[in-house]
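Q: Quick one: structure below, then a few questions.
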Amino acid sequence: MKYIAYCRKSTDEKDRQILSIESQIQEIRDFAQRQHLEVIEFTTEAKTAKVPGRKVFEQVLKRIEKG
């Protein structure tokens, strides 16, 4: 199975965000390597999840729906 990694950093809660996007990517790479997972793409987005309209996330969902 192939995986797409989606990393997001909120734009409205800078003081509460624990990991930067770069740190999230590294954590996912490390996890995938330990679990023998094939991550084919890393997608990133810097946008709050409180408001609808995260374009990158929507694109990932469409790709998954297409198979």
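The values are calculated or read from the model by the stated rules, or taken from the named source; none is laboratory data. Quantities reported herein were computed from a predicted structural model and do not represent experimental measurements. Here the Cβ positions follow ideal geometry from the backbone for every residue, glycine too, while neighbour counts run over all protein chains shown. Surface areas here come from the heavy atoms of the whole protein model, side chains and all, with no ligands, DNA or RNA. Shrake-Rupley method; radii C 1.70, N 1.55, O 1.52, S 1.80 Å.
Q: For the chain, give the magnitude of the charge dipole about the Cα centre (Cβ charges: +1 Lys/Arg, -1 Asp/Glu; no others), in debye to the nearest 20.
A: Here the size comes out at about 220 debye.
Q: In the range 28-67, what percent of the accessible surface is made up of carbon and sulfur (1.4 Å probe, ligands and nucleic acids excluded)?
A: Values: 1750 of 3330 Å².
Ligands and nucleic acids excluded, carbon and sulfur give 53 percent.
Q: Oh, and also: What does the convex hull of the alpha-carbon atoms of the chain project to on average, in nm²? Each step should come with its number before you reach the end.
A: Details: hull surface 19.9 nm².
Projected area, direction-averaged: 5.0 nm².
Q: Which value, in Å², gives the accessible area per residue of the chain when a 1.4 Å probe is used on the protein heavy atoms? Could the numbers behind the result be given before it?
A: Working: 5390 Å² over 67 residues.
Accessible area per residue: 80 Å².
Q: Amide H neighbours of Lys9 under 5 Å, counting only residues 5+ apart in sequence or on other chains, H built in-plane at 1.01 Å?
A: Residues meeting the criterion, in which the H sits 1.01 Å from N, are Glu45, Ala46, Lys47.
Q: Output the relative contact order of the chain, whole-number percent, from Cα pairs under 8 angstrom with separation of 6+ residues. Don't skip to the end; give the middle numbers.
A: Values: 70 pairs, mean separation 29.9, N = 67.
Computed over the chain, the figure is 45 percent.
Q: Please arrange Ser23, Ser10 by accessible surface area, largest first, computed with a 1.4 Å probe and ligands excluded. Kindly include the intermediate steps, with their values, before the conclusion.
A: On the way: Ser23 45, Ser10 15 Å².
Greatest to least solvent exposure: Ser23, Ser10.
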